[in-house]
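No lab work stands behind these numbers, since they all come straight from the coordinates. Keep in mind the model is a prediction, meaning the values are calculated, not measured. So basically every Cβ, Gly included, is an ideal-geometry build from the backbone, and we count neighbours across all protein chains shown.
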Amino acid sequence: MTLRVLAAMSGGVDSAVAAARAAEAGHDVTGVHMALSSNPKSYRSGARGCCTLEDSRDARRAADVIGIPFYVWDLAERFDRDVVQDFVDEYAAGRTPNPCLRCNEKIKFAALLDKALALGFDAVCTGHYARLDDGVLRRGVDEGKDQSYVLAVCTREQLAHAMFPLGDTTKADIRREAERRGLRVADKPDSHDICFIADGDTRGFLAERLGAAPGPIVDTSGEVVGEHDGAYSYTVGQRKGLRIGRPAPDGKPRYVLDISPVNNTVTVGPREALDVHEITGERPVWLAAPPAGPHDCQVQLRAHGEVYDCTAGVEGDLVRIRLHAPAKGVATGQAAVLYDGDTVLGSATIAATDSVFA
């Protein structure tokens, strides 16, 4: 069946090949580049950032090679509100957000998809490495590039209008295919950083928006062992850049165990205190039927992170996840994505953890 497809083209190799595959499959494809910055820089620096003027031009050139119409849509205001400001607010609240996940939830499969459907398109096509089989979201075959984790916040209704043409292919093969197709982005570096922090200085970015907020760094006994300029600069599990004046009595490294925005305190302690055995998730999104009782499955707690065997259950509007083996450095604000093998069952935002430290 021929569909009217809106291909989101970032200017990178993945979205270019995805658009080319959709067109080759016989669909009526239109390319669109989302302008997400009010003042985009002309050039990226290697793999730093994205959404530059260079990216927009690369997307347009790819669309020309493919032979599809191409437009640029200004979503900068929506992106700033729903992704950038959310990122700042979450850090200010002592949580650790995932902006790529939020971008999928609020921009690609909300703002962009809503506009696409209003204009009569049937689906939005992206270059994500994930598979959709009869509405079921599965991991991409390239384990190192799998992006099902950051797509797990999308609803079944949104995924019904999504298309992921790259899920059955490895990244190396995608680059070779781009070269065969004559796409100049075949060797373009991937963007590995937060797209709106092109220089990679997250602490500086947050300090500029939240200002200096000095406070104590304490150990698990409550003794002050250092001072910080803003608790928002830290995340649970962090080891480097703690600015602690003296070593621990046992000489071992210390890690961030807790961030309390209420009293502006960062608590540090030994690595073993990072062990988490149980997780409480809020705002669940179920892509399969919610478990009627305790359900053995797997959970992933960060993008490209380790997968843990667990038992998950629903308690009202919350999801309780008991890990069969402890995980370390689980941060609130991240997503807990539940899997059955390579199939996504659902996701929830980590609201609390139960650990040795607690």
Seminar exercise, completed: The extension gain from His295 to Arg176, computed as 0.36 nm times the residue separation minus the Cα-Cα distance, is 38.7 nm
Exercise. For labels at Lys115 and Thr220 in the simple 7 Å Cα→Cβ model, what's the distance in nm?
Worked result: 5.0 nm
Exercise. Can you give me the relative contact order of segment 212-269 as a percent, contacts being Cα pairs under 8 Å and 6 or more apart?
Worked result: 39 percent
Problem set entry | Shape call, segment 212-269: gyration tensor on alpha carbons, a/c limit 1.5 | prolate
Seminar exercise, completed: Taking the alpha-carbon centre of each part, the distance from segment 190-219 to segment 242-313 in Å is 21 Å
Problem set entry | Residue-averaged 222 nm ellipticity for the chain, from DSSP H runs of 4+ at -39500 (n - 2.57), nearest 500 | -5500 deg cm²/dmol
Exercise. What shape does segment 4-187 have by the C-alpha gyration tensor, where a ≥ b ≥ c are the square roots of the eigenvalues, rounded means a/c under 1.5, and otherwise prolate means a/b greater than b/c and oblate the rest?
Worked result: rounded
Seminar exercise, completed: Relative contact order as a percentage, the chain, C-alpha pairs under 8 Å and 6+ apart, gives 16 percent
Exercise. Which lysines does Lys240 reach when only Cα atoms under 27 Å apart count, and residues fewer than 8 places away in its own chain are ignored?
Worked result: Lys145, Lys252, Lys328
Exercise. Which of the GluC sites (Glu not before Pro) across segment 194-264 are loop residues per DSSP, with 12 or fewer other Cβ within 10 Å?
Worked result: Glu223
For this session: Measure nothing but the geometry: give the 0 to 90° angle between the long axis through the Cα atoms of 53-66 and the longest principal axis through the Cα atoms of the chain, rounded to 10°.
Result: 40 degrees
Exercise. Which shape class applies to segment 291-358: rounded if a/c is under 1.5, otherwise prolate when a/b exceeds b/c and oblate if not, where a ≥ b ≥ c are the square roots of the Cα gyration tensor eigenvalues?
Worked result: rounded
Problem set entry | Mean Cα-pair separation over length for segment 4-187, i.e. relative contact order, pairs under 8 Å, 6 or more apart, % | 26 percent
